[in-house]
Amino acid sequence: MKIENIEKILSTAKNKRICIIGDVMLDRYMLGDVNRISPEAPVQVFDIKKSEPKLGGAANVSLNVKTLGANPFLIGVVGNDSEAVILKRVMKKLKQDTNGLIVENSRPTTCKTRVIADAHHLLRIDSESKSDINKDTENKILDLLNQNANEIDIIILQDYNKGVLTKSLIPRITKFAKTYKIKILVDPKFDNFFEYKNAFIFKPNRKELEDAFAKKAKDEKELISICKELIKRIKCDNLVLTLGEAGIKIFKAANGNVQIDSYETRARKVADVSGAGDTVISTLAVCLAGGASLQDSVIISNFAAGLVVEEVGIVPIENKQLKQYILEHSTESRLTK
């Protein structure tokens, strides 16, 4: 792959605004030691040394868009609580816009606290609501979209089943995008899997696909059959299926036919798959905004995912880091001219 191709794509994306709508989360990492058993009960005593707040969910996707060089506009819902204060503080420290965060007093800010000792993940504590946001909040989301309509180049719908992307809100966003000719990229989860109609890209992983159809594909032929059925059902332009260590497949619908392309994984070693899906969707959006073809966007996203799974924990991909990684693996790529 010629590095000047990447330079041009990412340089063009700098002036583009990518709107991320979905479930924002605060990821809190509690780091410490375990050296004794409690005298009160037969449980370990965790001595906390440090607490690190990080961005999770749609906020992590927004951060990835930012570190790749584009201009993110995050729309999400938080509670009126201390976790929201921390989330906003972290976002501002990372030069992220917090004006799209809508407060709903009746729900908590989604927070996932991971307790870690000597690199061992001991426990995760979740504080969240999975109930749908109210109609007033839905209207506020649409108001934000309409206020920024002429500045939005791409929309990412980032769903983690936490209640922001409701069955009534999804078609309203889709109608808005169609009116302003904005591409929608969807990173789905189980609850609303079949609600996302007419998206430009629909990007599930294999487990999400099989869970939605309540069917485990026994071979490649059956997997392809399920994917074709999904395209027919939700009428997406392109299905981008992530397959972990098996790479990525593109299913492109055109004139009643489906063209399939496959790309092998780019990871040299897999340390942690956390956040790989976030990396793929954000890289796809940035590359498309930068004028790349779908195929080239997927190739670059595959490199980005290969890079992030080599790291422990959820980490954003830096613009320069990605370019260097691709340059090192340029002989392996299939970037179009």
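Can you name the condition, by its number, that Ile125 falls short on among (1) surrounded by 12 or more Cβ atoms within 10 Å (Cβ to Cβ); (2) aliphatic (A, V, I, L, M); (3) over 21 Å from the mean Cα position of the chain (by Cα)?
(1)
Asn60 is checked against (1) over 23 Å from the mean Cα position of the chain (by Cα); (2) in contact (Cβ under 8 Å) with a residue 60 or more places away in the chain and fails just one. What number does that condition carry?
Every listed condition holds for Asn60 apart from (1).
Within segment 301-337, work out how many residues are part of a helix (DSSP H, G or I), at pLDDT 75 or above and not basic (Lys, Arg).
Count: 15.
When segment 160-205 is examined, which residues are found to be within 21 Å of Ser297 (Cα to Cα) and in contact with a Gly (Cβ under 7 Å, 6 or more places away or on another chain)?
Matches in segment 160-205: Asp187, Asn205.
Only one residue in Leu230, Leu185, Leu223, Leu239 is farther than 30 Å from Lys16 by Cβ and at pLDDT 95 or above. Which one?
Leu223 is the lone residue from the list that is farther than 30 Å from Lys16 by Cβ and at pLDDT 95 or above.
Can you tell me which residues in segment 179-211 are assigned to a loop (DSSP other than H, G, I, E, B) and of a type in the set (S, T, N, Q)?
Hits for segment 179-211 are Asn192, Asn198.
Restricted to segment 186-198, and to residues that are closer than 13 Å to Lys235 by Cα and charged (D, E, K, R), which residue is surrounded by the fewest Cβ atoms within 10 Å (Cβ to Cβ)?
Lys197
Say we look at segment 213-238 and pick out the residues that are outside any loop (DSSP other than H, G, I, E, B) and touching a residue at least 24 places away in the same chain (Cβ under 8 Å); which of these is surrounded by the fewest Cβ atoms within 10 Å (Cβ to Cβ)?
Per the criteria, the residue is Arg233.
Taking segment 58-95, which residues are small (Gly, Ala, Ser), at pLDDT 95 or above and not in a helix (DSSP H, G or I)?
Ala70, Gly76, Gly79
Is it the case, given these coordinates, that Thr98 is within 29 Å of Leu10 (Cα to Cα), modelled with pLDDT of 95 or more, among the hydroxyl-bearing types (Ser, Thr, Tyr) and not in a strand (DSSP E or B)?
Judged against the criteria, Thr98 is a match.
Considering each residue of segment 106-122, count those that are more than 13 Å from Ile48 (Cα to Cα) and either in contact (Cβ under 8 Å) with a residue 40 or more places away in the chain or acidic (Asp, Glu) (or both), and give that number.
6
Confirm whether Phe176 is touching a residue at least 24 places away in the same chain (Cβ under 8 Å), among the hydrophobic types (A, V, I, L, M, F, W, C), surrounded by fewer than 20 Cβ atoms within 10 Å (Cβ to Cβ) and not in a helix (DSSP H, G or I).
no
In segment 2-40, what count of residues is obtained for those that are assigned to a strand (DSSP E or B) and either of a type outside the set (A, V, I, L, M) or within 20 Å of the chain's Cα centre (by Cα) (or both)?
16
Which pairs turn up if I take residues in segment 1-30 that are modelled with pLDDT of 90 or more and among the hydroxyl-bearing types (Ser, Thr, Tyr) and look for partners that are part of a helix (DSSP H, G or I) and crowded, with 17+ Cβ neighbours inside 10 Å with beta carbon separation below 9 Å, at least 6 apart in sequence or on another chain?
Between residues of segment 1-30 that are modelled with pLDDT of 90 or more and among the hydroxyl-bearing types (Ser, Thr, Tyr) and residues that are part of a helix (DSSP H, G or I) and crowded, with 17+ Cβ neighbours inside 10 Å, the close pairs are Thr12/Ala289.
Looking only at residues in segment 194-212 that are among the aromatic types (Phe, Trp, Tyr) and under 18 Å from Ile250 (Cα atoms), which one is nearest to the chain's Cα centre (by Cα)?
Phe202
Could we say that Ile201 is within 22 Å of Ile260 (Cβ to Cβ), in contact (Cβ under 8 Å) with a residue 60 or more places away in the chain, surrounded by 14 or more Cβ atoms within 10 Å (Cβ to Cβ) and not basic (Lys, Arg) here?
yes
Out of all the residues in segment 245-273, which are modelled with pLDDT of 75 or more and part of a loop (DSSP other than H, G, I, E, B)?
Gly247, Asn255, Gly256, Glu264
The values are calculated or read from the model by the stated rules, or taken from the named source; none is laboratory data. In this text the structure is predicted, and so the values were computed from the model without any measurement. Virtual Cβ from ideal backbone geometry, glycine too; neighbours counted across all protein chains shown.
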